[in-house]
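Visitor: Below are the structure tokens for one structure; questions will follow.
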């Protein structure tokens, strides 16, 4: 027999056999409809830790903890604070105490009851181990009743309800069993939430599998038997998984919106974060960035409209502000403050004493994918007025921190999830502040923060104080906010409940349910 | 042959110590603060120092290396800095995934590559030219681009194969194969063409040689000439190339695992490197070295079986 024909025949047989095995497999692997008892979500990163004291907060990383840990306060999609493990809470008249009343009859997933003592134990552990600032003003934690806990404050702090909701994670109570050996909290969950982590099915940084918690206090509110979060780092792979039905919901980037819609997916969006540039050297008299006119010139030289349209398409609006429209603190008039005007910016720079411009180094914050492009676009704008910027873009967070520690970088790109105006003020411009790496001291910022802390965030006085702070921050061009960007969620038509607004821009997985 | 094998094993053992040592020292001189990464930007200096002490990172590098080496000789690869899980536990589940992908690619590019090579060596000039063109394309096309293309066509448009993910064989044998089809194609494509070209070249040399002419003159059938004689004589360089391409496929697997979201060693390597999770990176270096060593030993054995000349050396 002719060898060639022989080989071709063999090849064809192998091909047919392999294809039929594969196609047989695919009928059970991909095209079978997902049972409505399982919800599958895709996320671009795994959690920093499953321990609520160590996990990232204020970003979608809270998905990993919110499924298993019920917070004291549950923030609804419209931003309002609803009862969770706490049924009521209030400040004392002098606002130096915060009293929390706990829900009766709640059990942790391990069957032990929720008591004031267990809450106190958790909060003490949290305060001792976290590196976040949510509890920084709490000087005392004590049980003031069988189901009541009182926090004593060293100075008024209106952000406590946020600290103990699913965003801040300080209220993600861990059972006493879990606290016995805190090392296990990195891979197991011991909460009172609607689900429990299934450690045997979970593969760290690949997929996290949660099963319904039989001890959950509000059983009718548990919509699935199983929730799976798959870690898919690549945007295209996420979109492919969504389009082929492997994943029910995921965040997508604005450029994939059209593709998602044409695949029959629902697309929900809301303003979620401020993208811009932040300056470290505001207190360094030798740095041009410490000069008000210089910063105002830099603000005026940025083509916010053009950059926003190019990078964020229909899912971003240009802004000069730190909070989105609709949030207390937003002042419509401030949007007119820095119109795009290269000539005027150049003149301001000359007035400030830099007719020939100047140069500095900037580092891109890794994480948000468009930060690099945003930085490059801004640098091109600034080059037009003679300001030269050397950009470094570390790929991983440890390199970013190392870069900051060298002290050579005067600025960084910023992607700041919306929380409250006071959160911006406290994390950016007070001393100390999370981002204030070089410890600049702006007395007015500190004073305004102290003033804002006296009032509830949503009260009239609180709103007024927030507006005053916002005006101060924008008038003094402390940083360069550029765009108010959306979180965009694509979800299968088989689920509903994917709700979120700019008041609380992180979708709550526990509200997703099958569409009927 | 035993002596060759023995020497080879000894060399492999040395390699098994040298490779992780090199990665350890490379990691040690790279700046970066693991404790900072775990605790975040806002961490206080004292919290960072405490965690550094807990993880043993405040010890001098020599001491840390010797501690790791000591553990290694006891089969203990340490614990992940990030999750606290044992390294062998973290990597154990992922080894099967990587092996399925890599061995699958090895089988595919060997069989298909050799098959195509034989076909084109017996076919006409046209066939040979076609193989040449495909070879160039195979080397030029990046495997991640091919992967995305395959997903777009087969998973999204036609919906006949899964877009992402891995199904373990004990869960569903057909699902396992289905989840591997596209990744294996993406990973093996460049290899197929390399092997095919090498096979064709070697076969042409063999088929044109004097002994082939003598066999034909003696009436030997074409297929016996092809398989029993020519292919065996050509096998030396072909097998060498297969070994080389396999090592290339190991690094290619990292990218393919990321595109197809396969929870294997490659995707863990990417994760652990960005997180500065030194014990896990060391563990992956060890596992990869073992895989390379084992495959090369097998290739050597196959080579000595097929080539009497190799036995002598």
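Visitor: Among the helices (runs of 4 or more DSSP H) lying completely within the range B:262-313, list those that include at least 2 residues that are at pLDDT 90 or above. Break it down stepwise before answering.
Guide: Working: elements: B:265-275, B:278-306, B:308-312.
Counting at least 2 such residues, we get B:265-275, B:278-306.
Visitor: Quick one: which residue in A:402, A:423 is in a helix (DSSP H, G or I), within 14 Å of chain B (Cβ to nearest Cβ) and under 30 Å from residue A:509 (Cα atoms)? Give the steps one after another, and end with the answer.
Guide: Numbers: A:402 fails: under 30 Å from residue A:509 (Cα atoms).
That would be A:423, the only listed residue that is in a helix (DSSP H, G or I), within 14 Å of chain B (Cβ to nearest Cβ) and under 30 Å from residue A:509 (Cα atoms).
Visitor: Checking residue A:192 against (1) surrounded by fewer than 23 Cβ atoms within 10 Å (Cβ to Cβ); (2) out of contact with any helix residue (DSSP H, G or I) (no Cβ under 9 Å at 6 or more places or on another chain), only one condition comes out false. Which one?
Guide: Unmet condition: (1).
Visitor: Could you identify the single residue in A:258, A:297 that is modelled with pLDDT under 95, assigned to a helix (DSSP H, G or I), more than 14 Å from chain B (Cβ to nearest Cβ) and over 22 Å from the mean Cα position of the chain (by Cα)? Step through it out loud before you land on a result.
Guide: Details: A:297 fails: modelled with pLDDT under 95.
One residue alone meets the criteria, A:258.
Visitor: Scan (1) surrounded by 21 or more Cβ atoms within 10 Å (Cβ to Cβ); (2) touching a residue at least 60 places away in the same chain (Cβ under 8 Å) for the single condition residue A:465 breaks and write down its number.
Guide: (2)
Visitor: Which ones in the range A:213-250 are more than 21 Å from residue B:263 (Cα to Cα) and in contact with a strand residue (DSSP E or B) (Cβ under 6 Å, 6 or more places away or on another chain)?
Guide: Once the filter is applied, which keeps residues that are more than 21 Å from residue B:263 (Cα to Cα) and in contact with a strand residue (DSSP E or B) (Cβ under 6 Å, 6 or more places away or on another chain), the range A:213-250 yields A:213, A:215, A:222, A:223, A:224, A:225.
Visitor: Still on this structure, please answer the following. Hey, residue B:64 hits all of (1) over 22 Å from the mean Cα position of the chain (by Cα); (2) at negative phi; (3) within 14 Å of chain A (Cβ to nearest Cβ) but one; which does it fall short on?
Guide: Checking residue B:64 against (1) over 22 Å from the mean Cα position of the chain (by Cα); (2) at negative phi; (3) within 14 Å of chain A (Cβ to nearest Cβ), the one that fails is (3).
Visitor: Can you pull out every residue in the range B:164-183 that is farther than 12 Å from residue B:262 by Cβ and either more than 9 Å from chain A (Cβ to nearest Cβ) or touching a helix residue (DSSP H, G or I) at 6+ places or on another chain (Cβ under 7 Å) (or both)?
Guide: Keep residues of the range B:164-183 that are farther than 12 Å from residue B:262 by Cβ, which gives B:169-175, B:177-178, B:181.
If the condition is that a residue be farther than 12 Å from residue B:262 by Cβ and either more than 9 Å from chain A (Cβ to nearest Cβ) or touching a helix residue (DSSP H, G or I) at 6+ places or on another chain (Cβ under 7 Å) (or both), then B:169, B:170, B:171, B:172, B:174, B:175, B:177, B:178, B:181 are the ones that fit.
Visitor: Follow-up question, since we're still on this one. Quickly run through the range A:200-232 and pick out the residues that are surrounded by 21 or more Cβ atoms within 10 Å (Cβ to Cβ), more than 18 Å from residue A:103 (Cα to Cα) and away from chain B (no Cβ under 12 Å).
Guide: Matches in the range A:200-232: A:210, A:224, A:227, A:229.
Visitor: OK, next. Exactly one of these conditions fails for residue B:193: (1) farther than 22 Å from residue B:110 by Cβ; (2) more than 9 Å from chain A (Cβ to nearest Cβ). Give me its number.
Guide: (1)
Visitor: Show the residue pairs meeting these rules: Cβ distance below 6 Å; 6+ apart or different chains; first residue within the range A:440-452 and free of Cβ contacts under 8 Å to residues at least 24 places away in the same chain; second residue part of a helix (DSSP H, G or I).
Guide: From residues that are free of Cβ contacts under 8 Å to residues at least 24 places away in the same chain, the pairs are A:451/A:465.
Visitor: Quick check: is even one residue across the range A:343-358 surrounded by 16 or more Cβ atoms within 10 Å (Cβ to Cβ), touching a residue at least 24 places away in the same chain (Cβ under 8 Å) and within 28 Å of residue A:488 (Cβ to Cβ)?
Guide: no
Visitor: Taking the criterion of being within 30 Å of residue A:265 (Cβ to Cβ), touching a strand residue (DSSP E or B) at 6+ places or on another chain (Cβ under 9 Å) and surrounded by 24 or more Cβ atoms within 10 Å (Cβ to Cβ), would at least one residue in the range A:141-159 satisfy it? Show your work before the answer.
Guide: Going residue by residue through the range A:141-159, those that are within 30 Å of residue A:265 (Cβ to Cβ) are none.
Checked the range A:141-159: no residue is within 30 Å of residue A:265 (Cβ to Cβ), touching a strand residue (DSSP E or B) at 6+ places or on another chain (Cβ under 9 Å) and surrounded by 24 or more Cβ atoms within 10 Å (Cβ to Cβ).
Visitor: Looking at (1) under 24 Å from residue B:152 (Cα atoms); (2) not in a helix (DSSP H, G or I), can you tell me which one residue B:219 breaks?
Guide: Just one mismatch for residue B:219, condition (1).
The values are calculated or read from the model by the stated rules, or taken from the named source; none is laboratory data. Being a predicted model, the structure only gives us computed values, none of them experimental. Note that we place each Cβ from the backbone using ideal geometry, even for glycine, and neighbour counts take in every protein chain shown.
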